[in-house]
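Written below as structure tokens is the structure these notes are about.
The values are calculated or read from the model by the stated rules, or taken from the named source; none is laboratory data. Because the structure is predicted, anything quoted here is derived from the model rather than measured. Every residue, glycine among them, receives a Cβ derived from its backbone with ideal geometry; neighbour counts consider all protein chains shown. The protein model used for the area step is the full one, side chains on, heavy atoms only, and it has no ligands, DNA or RNA in it. Shrake-Rupley method; radii C 1.70, N 1.55, O 1.52, S 1.80 Å.
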Amino acid sequence: MKIGIIGCGTIANSAHIPNYLNNPDAEIKYFCDIIPEKAEECVKKYGCGIAVTDYHDVINDPEVAAVSVCTPNLMHPQIAIDAMRAGKDVLCEKPSARTLKEAEEMLKVHRETGRILNIGVVNRFNDNVRLIKKYIDDGKLGEVYHVYVSFRAHRSIPGLGGAFTTKAIAGGGTLIDWGVHYLDIVMYCTGDPKAKTVSGETFCKLGKDMPNYVYKDMWSEVTKDLNGTYDVDDFVTAFIRTSGPTITINGSWAQNIGIADSYIDFLGTKAGIRLIYGGDFTVWGVKDGKLTEEKPAFEKNNAFNAELRAFVDCVRSGEKLPSHIDRNILTSKIMQGIYDSSMADREIVF
Ligand SMILES: NC(=O)c1ccc[n+]([C@@H]2O[C@H](COP(=O)([O-])OP(=O)(O)OC[C@H]3O[C@@H](n4cnc5c(N)ncnc54)[C@H](O)[C@@H]3O)[C@@H](O)[C@H]2O)c1
């Protein structure tokens, strides 16, 4: 199966390309980047494919079955929509788009064309997350009535003044960049409930004074541009009512607290689970009149590997994966609700 990579930056090189190369059923035919050197570098480094700068060259090739969209968020909808209309199946990096309206347009074109549109919510392929979903589906937690989400880091804004901190490109900051993964885990594990109301507030505080921002981490330093723009949220807080549990989130790329707190607490009537993001989870319950605490043992898998493999397989089989746009749209709706609630200074009722 011939694949096109569109956008040859960090996520393409760290996750998509190596996992296609490892898959005997996939062959990368194109590396596309608007910066020609980046596409050419991939051809040289991986010893395969053709370097191009215009994604239309990729999607107009009848031999290409599927594409990975690994560009900044701004271009996700246009490229995914054009690719589906050209008859290609698509794995588009998260978030699907900058706004709910754009994501809905992507969903509409998926429905019109029947093409696959998976979003890169990779945690749905994490074995620990899948195990938590199974615990909940099997009733081990009883009724899950609330989920508490924390993704708070100590001064860790990506690429100040670059694509991630420019609203016109990214659509938002820590909520749309990190929150999308955390909310997606909650949605997946609790059966993709529908949002009923959202009340939230987003703050653009610590990164605003870019020259004086002192930081601990900046994983996207390569895009740093102190003459660029910083107009996105670096802290978000929200309360969400859904057809399932209520959800509270507190998330920040940067806060003046020197401890990173990245976890999701599932509160159930029979048991509760704390998942450390990217790590293990603990289950607290009661057995034979005694309190229990258990850390289930499981083999950690490589979620990106599983995600990319599942994508190639579903292009062949037509099977819909749990990361498909028609599920992911529910998370987009919540994120849009939080931004809208913050702007309007009131609760949003769906
Ligand atoms: N799943 C995850 O955990 C995860 C992790 C990191 C990034 N991401 C997502 O991946 C996307 C890319 O992030 P990144 O960190 O790799 O960014 P990056 O800046 O490193 O790479 C993006 C690349 O896209 C290229 N590009 C821009 N417009 C293009 C166009 N029209 N056609 C072709 N190429 C184009 C840029 O030149 C750049 O090389 C973002 O949406 C981000 O949210 C997901």
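Each helix, a run of at least 4 DSSP H residues, gives -39500 (n - 2.57); summed and divided by the residues of the chain, these come to -9000 deg cm²/dmol at 222 nm.
At 4 °C and 1.567 mPa s, what whole-number value in µm²/s does Stokes-Einstein give for the translational diffusion of the range 162-245, with Rh from the Kirkwood sum over Cα pairs?
Working: Rh = 14.4 Å.
Result for D is 90 µm²/s.
With no solvent and one equal point scatterer per Cα, compute the Debye intensity ratio I(q)/I(0) for the range 70-124 at 0.29 Å⁻¹ and report its log10, rounded to two decimals. Result of the Debye calculation: -1.23.
How large is the charge dipole for the chain, taken about the Cα centre, if only the Cβ atoms of Lys, Arg (+1) and Asp, Glu (-1) carry charge, to the nearest 20 debye? Spell out each step's value before the answer.
Working: 40 positive and 46 negative charges, 150 e Å.
Dipole size: approximately 720 debye.
Taking each of LYS94/LYS224; LYS133/LYS300; LYS45/LYS94 in turn, the alpha-carbon distance tops 18 angstrom for LYS94/LYS224; LYS45/LYS94.
Per residue, how large is the accessible surface of the chain? Use a 1.4 angstrom probe and give square angstrom. Let's see the in-between values first.
On the way: 15300 Å² over 350 residues.
Normalised by residue count, the accessible surface of the chain is 44 Å².
Over the range 100-207, what lengths in whole Å, largest first, do the semi-axes of the equivalent ellipsoid take, defined as the square roots of 5 times the eigenvalues of the alpha-carbon gyration tensor? Intermediate values should be presented prior to the final figure.
Working: eigenvalues 142, 94, 39 Å².
Whole-Å semi-axes of the equivalent ellipsoid: 27, 22, 14.
When only alpha carbons of the range 36-168 are considered, Rg and Dmax amount to 18.7, 54 Å.
The modelled label-to-label distance between GLU41 and ASN212, using points 7 Å beyond Cα along the C-beta direction, is 3.4 nm. In whole percents, the pair-distance distribution calculated for the range 124-182 from its alpha-carbon pairs, binned every 5 Å from zero, is 4, 14, 17, 18, 14, 12, 10, 7, 4, 0.
Spin-label pair ASP326-ASP313: with each label point 7 Å from Cα along the Cα-Cβ axis, the two points sit 2.0 nm from one another.
What do you get when you divide the Cα radius of gyration of the range 110-151 by 2.2 N^0.38 Å, with N the number of residues? All intermediate terms of the calculation are to be shown ahead of the outcome.
Numbers: Rg = 14.9 Å, N = 42, 2.2 N^0.38 = 9.1 Å.
Compared with the compact-globule rule of thumb, the range 110-151 sits at 1.64.
Rg then Dmax, both in Å and based on the Cα atoms of the range 28-77: 10.7, 30.
Once the Cα atoms are used to define both axes, helix 303-317 deviates from the longest principal axis of the chain by about 60 degrees. With bins 10 Å wide beginning at 0, the percent of Cα pairs of the range 210-322 falling in each bin runs 9, 23, 29, 28, 10, 1, 0. Once Rg and the Kirkwood radius are both taken over the C-alpha atoms of the range 41-105, their ratio Rg/Rh works out to 1.00. Taking the accessible area of the chain, probe 1.4 Å, and keeping the other protein chains in place, the carbon and sulfur fraction comes to 51%.
Under the simplified labelling scheme, the LYS290-ILE257 pair shows an inter-label distance of 3.4 nm, with each label point 7 Å from Cα along Cα→Cβ.
The GluC sites (Glu not before Pro) of the range 58-106 that meet both conditions, a loop assignment by DSSP and at most 11 other Cβ atoms within 10 Å of the site Cβ, are GLU63. Could you tell me how many degrees, from 0 to 90 and to the nearest 10, lie between the Cα long axis of helix 36-46 and the main elongation axis, the longest principal axis, of the Cα atoms of the chain? It works out to around 80 degrees. Multiplying each eigenvalue of the alpha-carbon gyration tensor of the range 280-340 by 5 and taking the square root yields semi-axes of 33, 22, 11 Å, largest first, rounded to whole angstroms. Applying Stokes-Einstein at 25 °C and 0.890 mPa s to the Kirkwood radius of the chain, computed over alpha-carbon pairs, gives a translational diffusion coefficient of 117 µm² s⁻¹.
Across the range 261-301, Cα-Cα pairs more than 12 Å apart make up 61 percent of the total.
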